[in-house]
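Read the figures in this text as sums done on the coordinates, not as results from a lab. Predicted, not measured: the structure shown is a model, and the values here were computed from it. Counting neighbours? That spans all protein chains shown, and the Cβs are built from the backbone with ideal geometry, glycine included.
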2 protein chains.
Amino acid sequence: MTERFTVTYHVRSDPASIEARAWAIAVEQSVEMPLAAIDEPEVLFNIVGKVEQIDDLGAGTFSVCIGLALATIGDDPGQLLNMLFGNTSLHDDVILRDAVIPDQLCSTTKGTPLLRQRLGVARRAFTGSALKPQGLAPERLAELAERMALGGLDFIKDDHGLANQTYSPFDVRVPQIAETVARAVRSTGHPTRYIPSLTGDLDQLRARAKIAVDCGLDCMMVAPMIAGFSSVRVLTQSLPEVTFFAHPAMGGAARIAPELLIGKLFPALGCGAVIFPTYGGRFGYSPATCHELAANARPALAVPAGGITLNRVTELLDFYGSDTMLLIGGNLLLAGDRITEESAAFARAVALHGKT
Amino acid sequence: MTERFTVTYHVRSDPASIEARAWAIAVEQSVEMPLAAIDEPEVLFNIVGKVEQIDDLGAGTFSVCIGLALATIGDDPGQLLNMLFGNTSLHDDVILRDAVIPDQLCSTTKGTPLLRQRLGVARRAFTGSALKPQGLAPERLAELAERMALGGLDFIKDDHGLANQTYSPFDVRVPQIAETVARAVRSTGHPTRYIPSLTGDLDQLRARAKIAVDCGLDCMMVAPMIAGFSSVRVLTQSLPEVTFFAHPAMGGAARIAPELLIGKLFPALGCGAVIFPTYGGRFGYSPATCHELAANARPALAVPAGGITLNRVTELLDFYGSDTMLLIGGNLLLAGDRITEESAAFARAVALHGKT
């Protein structure tokens, strides 16, 4: 018997065609050829995808569960993505809705518990902000980071747009910011973490991670849909002591359900924290999606972001619970000269919620 | 003055909101923060994205052209993707429709002319097929490849599902197939090329490319949306003598226009040939999309695929012209024992068209 894992697609179809459409997906995502041309029984029985269940969700949409053979994946997370949705991503009547991630492709991330231990944060939620805008020189970003850290935030991350631009090269920016944040930490006594954003090919990702490690940093950010699943897993496995924050850039969430992509696949790559656009911000995720995504991701730290304002702290923590980092970026920066005070107010609001 | 390049989005919106929505995208894809919180004039003038044009396409859709600062990209193709569509891919009212690829990110690929020279094919279109199904052992795939090559095909590629599975490890499969194809070439005198599929992280991509080079192969396949743009460019630049065929897996074409993703971005990574699902096959691209995609991609070789049958050779070559490889996979395999004869008929049909 072949071992299979179940993948769920949502398919737009009329009732008369759904069974044929479901089998077509099962074939496309396994052998990708007419079954009549396969003369090896082993392949027909053990490799061709199998339609396990079809449910009518109403309104012309069906949920289709397909069992794919584990043997087609091996241990490469890029190949997992390929078999989950490679060719079928090109069909616009199908959404990849869910999957049981095979054990051999699941990195175990310590996520939230490790971050609680390292920051000495027992129960409350975490606070975070982002260094912006694009175009600032390293000194300006370092100064901004210091002022936020003086307000007592838990995490300060690079904007995901910060890469290795000439106006702010990685190897200049990261040591400077690490230094000013370390200075603020000595002043506040609170172990604020700076999270640099790693970009580029695998060689560059590794070289930049090494610079960050040399600066004493133990949290880093990466965008798996841009860096590539295979390379991200090499990176997370080579630095097990680092917590990787997954950024959803290029997530194209209308076609791959974010509950799966961000909630399951990114943690499976070894990311210990997942950043995602929260409901009620400037992206379109529903509360139900956000709830399921966060639940799927744990023990990785859930990091809702994307237009959060200070006056939503209570509402969001009631919704997400405290195994959460609230990431307030642009709306904190609006405080201008009062950035330290606003950061402190943010830190206080979260701490206060943790005590109720 | 800052140098900018133009990116075109298609946005669903009502007429009253489109200007605000356009500016919101320009901000999201550049500084990603409230402009009111930016106190550096340099950043406001030279880094923030600029709405250059808005056209009403009718039916509630607008074309929005945004000028992004070249300086935000640097020379990393992953960062290009990030700035083109990183966060905006998460909004489901927007499609990334087109972009002027900045010069520093355009690899120059010799594409079709180089392939014509190497295969001694002066004017006609190329023929190609794929080794399938998943699950066959290397010996069976090698035998199949030999029989296709004996029919005189120009290219025989790995199915994109073939990775490094235990039933067909790359380092066993590729040398065996290279050997049987070389044997067929000695028999036919026609320089058929075998195209292995490279998968995995950058280290694995390089190691597998080296195995292929050691087998004397000068054509290879890679899926940029899975391998990661940055890593693919490192690979293509490190092997300038190899023609890389870009596979569209994970292209999710409903959100990024295939004319851009496959037609422009994949060649810009240094891929000398682009495989794409043709109109009239089992994928949903229109003739207009296929025509523009192929025109954009050239001089990279246009490789329509996805359900092509032998009786469509004339129609497709009339449509695409001869700087094309027709890739017939599953439908050729249906010939079973007559695979060599069917391959030969395919080769003849294309050669015949070249003479008209």
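Points to keep in mind about this one:
- Rule-of-thumb Rg ratio for chain A [Cα; 2.2 N^0.38 Å; N residues]: 1.07
- Which of B:GLY336, B:THR278, B:ALA122, positive extreme of dipole for the stretch B:111-354 (C-beta unit charges): B:ALA122
- Pairwise centroid distance, computed over Cα atoms, of the stretch A:341-355 with the stretch B:1-63, Å: 34
- Normalised by 2.2 N^0.38 Å, where N counts its residues, the alpha-carbon radius of gyration of the protein assembly as shown equals 0.96.
- Other-copy label distances relative to B:ALA122, 7 angstrom Cα-Cβ extension, nm: 8.6
- Paramagnetic label zone (point 7 Å from Cα along Cα-to-C-beta, B:ARG123; backbone N under 19 Å) in the stretch B:320-345: B:320-326
- Computed FRET value (nearest 0.05) for A:GLU241 with A:GLU143, which takes r as the C-beta separation and R₀ as 22 Å: 0.15
- Of all beta bridges that DSSP places with both ends in the stretch A:111-354, some 0 percent have antiparallel geometry.
- For A:ILE156, residues with placed amide H under 5 Å, excluding near neighbours: A:SER129, A:ARG193, A:TYR194, A:ILE195
- Between A:ALA20 and A:ALA288, the C-beta separation translates, for a Förster distance of 35 Å, into a calculated FRET efficiency of about 0.70.
- Cα Rg, Dmax, the stretch B:265-327, angstrom units: 10.9, 34
- Farthest toward positive dipole pole in chain A [+1 Lys/Arg, -1 Asp/Glu at C-beta], among A:MET325, A:LEU261, A:SER231: A:MET325
- Shielding by partners for peptide B:227-236, expressed as the average number of C-beta atoms from other protein chains within 10 Å of each residue's C-beta, is 6.
- You can think of it this way: the chain between B:THR6 and B:PHE45 has 12.4 nm of extra reach, that is 0.36 nm per residue less the Cα-Cα gap.
- Anisotropy class of the stretch A:4-105 from Cα gyration tensor, a/c 1.5 cut: oblate
- Trypsin sites (Lys or Arg not before Pro) restricted to DSSP loop in the stretch A:2-90 with at most 10 other C-beta within 10 Å: none
- Partner chain coverage, peptide B:128-139 - average Cβ within 10 angstrom: 5
- In this rough spin-label picture, where each label sits 7 Å from Cα along the Cβ direction, the B:ASP218-B:VAL100 distance is 3.6 nm.
- Within the protein assembly as shown, DSSP assigns beta bridges of which about 45% are antiparallel (rounded to the nearest 5).
- Sum of side-chain charges, A:GLY306 neighbourhood, beta-carbon under 12 Å (Lys, Arg +1; Asp, Glu -1): 0
- Taking a sphere under 13 Å around the Cβ of A:PRO224 and counting the other residues whose Cβ falls inside, with K and R at +1 and D and E at -1, yields a net charge of +1.
- Distance to the B-onto-A rotation axis is smallest for one chain B Cβ; residue and value in angstrom are B:GLY228, 1.
- The calculated FRET efficiency for B:GLN53 paired with A:ALA36, based on their beta-carbon distance and R0 = 35 Å, is about 0.10.
- With its label point defined 7 Å out from Cα along the Cα-to-Cβ axis, B:GLY321 lies at 6.0 nm from the matching points of the other copies, in increasing order.
- Per residue, chain B reaches -11000 deg cm²/dmol at 222 nm when only DSSP H runs of four or more residues are counted, each adding -39500 (n - 2.57).
- Across identical copies of the chain, A:LEU35 has label-point separations of 5.8 nm, listed in ascending order, with the point defined 7 angstrom from Cα along Cα→Cβ.
- Total formal charge among the other residues, if their Cβ is under 15 angstrom from that of A:PHE346, Lys/Arg +1 and Asp/Glu -1: +2
- Shielding of A:31-44 by partner chains, average beta-carbon count, 10 Å: 6
- Rounded to the nearest 20, the size of the Cβ-charge dipole of the stretch B:192-343 about its Cα centre is 360 debye, with Lys and Arg at +1 and Asp and Glu at -1.
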